[in-house]
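Please read the structure below before turning to the comments.
A short reminder: the numbers here are calculations on the coordinates, not readings from a lab. What you are looking at is a predicted structure, and each value in this text was computed from that prediction instead of being measured. Cβ: placed from backbone, ideal geometry, glycine included. Neighbour counts: every protein chain shown.
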């Protein structure tokens with residue numbers, strides 16, 4: 001076993017036990033129609049053995065969490081990263097050197113059977129020893145793969161003997177294939193499952209795929225690092241916001257405790273009563289007399305001396321289905337949802353204006 005293969009297998013913990021120097025398993029033939037109209041398969045390379053295919057699939061790019069692959073750029077569900085175009089360019093180059101240029105990719109029948117068998121055997125072993133690889137291949141690289149494409153399928157054939165006894169036999173039928181060029185209509189000009197599956201069973205293509213996957217894995221790791229950094233920054237920001245919120249809540253509680261335990265001025269009681277229905281105010285709404293006759297609830301400041309006493313009224317008003325008790329001179333306005341007597345509030349304002357007289361007008 002070469003150092004590279006041993007390193008790749010160690011990275012993902014797959015125990016594919018085989019010598020990577022295993023011999024190839026026959027010529028890779030492409031149907032070719034000569035000028036005289038005869039079909040003559042042309043050799044473009046060598047079919048990869050089960051062991052060689054499994055070695056390539058031991059690359060760490062196939063053993064990532066599914067969420068990682070969604071970070072990679074894709075066109076119509078096919079990956080697109082810098083360097084991936086080398087795969088279809090290499091296929092086109094080798095086809096040109098062999099003198100074949102199929103409009104629609106297909107393999108000579110015997111080559112297809114051998115290539116599919118080798119890939120099927122490898123995927124069966126991978127599925128049993130590390131289901132992550134098969135799942136990722138099916139979801140992101142060979143989207144046509146059915147569940148357990150390597151499993152044999154049978155039909156029951158019934159017959160009867162001369163005594164009338166039924167005889168049942170399980171007859172193997174064509175299995176689900178692990179290679180399906182039809183999924184991409186035989187298109188191999190770009191990176192897709194057809195191009196990948198062809199190169200996967202084509203041993204001479206493996207060095208190109210190895211480099212493509214190295215580049216893809218580096219791109220993926222960079223995207224993962226960027227994602228993890230953003231998530232870490234987001235978590236830190238959330239923690240900071242939570243800490244700030246907790247600190248604000250603590251400070252708000254301390255402020256409320258200090259406010260509720262202190263004596264209230266008469267003007268504070270009136271403004272609290274007019275907005276909350278309670279002279280004590282509430283945690284969320286309370287007024288402080290920051291200086292004589294100047295009131296603040298932390299959001300706005302109101303100088304009681306600026307209120308037009310002549311135009312000032314206390315009235316019950318309805319907005320939609322909700323009733324408010326409103327204190328207003330047309331410009332200044334306070335209101336409360338609390339159910340309190342209007343005359344009591346009116347009397348409170350009368351005394352407030354005695355303490356802090358507002359403006360007067362002729363009407």
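Just a few scattered comments:
- Whole-angstrom gap from the range 42-80 to the range 229-267, using each part's C-alpha centre: 52
- Stretching residue 299 away from residue 75 to a fully extended chain increases their span by 75.4 nm, per 0.36 nm per residue minus the current alpha-carbon distance.
- Counting beta carbons within 10 Å around each of 335, 197 and listing the fewest first gives the order 335, 197.
- P(r) for the chain, from all Cα pairs and a bin width of 10 Å, is 4, 17, 18, 10, 6, 6, 7, 10, 11, 7, 3, 0, 0 %, short bins first.
- Contact order for the chain, expressed relative to its length and based on alpha carbon pairs under 8 Å spaced 6+ residues apart, stands at 14 percent.
- The residues 187, 264, 104, when put in order of fewest to most other Cβ atoms within 10 Å, stand as 104, 187, 264.
- Calculated mean residue ellipticity, 222 nm, the chain: -13500 deg cm²/dmol, from DSSP H runs (n ≥ 4) at -39500 (n - 2.57) each, averaged per residue and rounded to 500.
- Acute angle (nearest 10 degrees) that the helix 266-276 long axis makes with the longest principal axis of the chain, alpha-carbon atoms: 40
- Global form of the range 65-185, assessed from the alpha-carbon gyration tensor, a/c cut-off 1.5: oblate
- Shape call, the range 256-363: gyration tensor on alpha carbons, a/c limit 1.5: oblate
- Crossing angle, helix 86-98 versus the chain [Cα axis fit, 0-90 degrees, rounded to tens]: 20
- Mean Cβ neighbour count within 10 Å, used as a protection proxy, ranking 206-219, 242-255 highest first: 206-219, 242-255
- Rounded Å value of the spacing that divides the Cα centres of the range 192-214 and the range 270-346: 78
- Largest GNM mean-square fluctuation among 169, 43, 227, using the chain with Cα springs under 10 Å: 169.
- The angle between the Cα long axis of helix 206-261 and the main principal axis of the chain comes to about 20°, on a 0 to 90 degree scale.
- DSSP-defined beta bridges in the chain - what % are antiparallel, rounded to 5: 95
- Its alpha carbons considered, the range 313-355 gives a radius of gyration followed by a Dmax of 10.8, 36 Å.
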